[in-house]
1. Of all residues in region 77-87, which are under 24 Å from Leu32 (Cα atoms) and either surrounded by 15 or more Cβ atoms within 10 Å (Cβ to Cβ) or touching a strand residue (DSSP E or B) at 6+ places or on another chain (Cβ under 6 Å) (or both)?
2. Kindly establish whether Ala109 is within 27 Å of Ser26 (Cα to Cα) and out of contact with any helix residue (DSSP H, G or I) (no Cβ under 8 Å at 6 or more places or on another chain).
Amino acid sequence: MTQTAPDNALGRIAQGDAPVLETLLSMNLDALERSGLDDETYLLVRLAALVAMDAPPMSYLITLGAAAETGMTVEQAQAVLVAIAPVVGSARVTAAAGNILRGVMGAAAIADSIPEQRSR
């Protein structure tokens, strides 16, 4: 079975037409509020959970994108990876580092492929 996306799918997402992403964002905001944690701690815990479950690159991109807005540092993210390595294993942490890199590189490639809007 082959699935194809319309040629303008990325354009629609860039313009804010992304119901799946909006739903995921809403779910995450609700979980943050219910957790009682501050934003930074919440995102560090999420990062640890993503590593533990061998999450795909996009999951890291979403979490780290939100983390950048809280002022979370690269050193804090690295500290989480160091702290959980004995529990989840070095292979899982190494895979997470690769998925983080793929997520960031994928986002950069998508951003580069979307043409700039010309002002009228």
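1. Ala77, Val80, Leu81, Ile84
2. Numbers: within 27 Å of Ser26 (Cα to Cα): yes; out of contact with any helix residue (DSSP H, G or I) (no Cβ under 8 Å at 6 or more places or on another chain): yes.
Yes.
Read the figures in this text as sums done on the coordinates, not as results from a lab. The structure presented is a predicted model; accordingly, all values stated were derived computationally and were not measured. Counting neighbours? That spans all protein chains shown, and the Cβs are built from the backbone with ideal geometry, glycine included.
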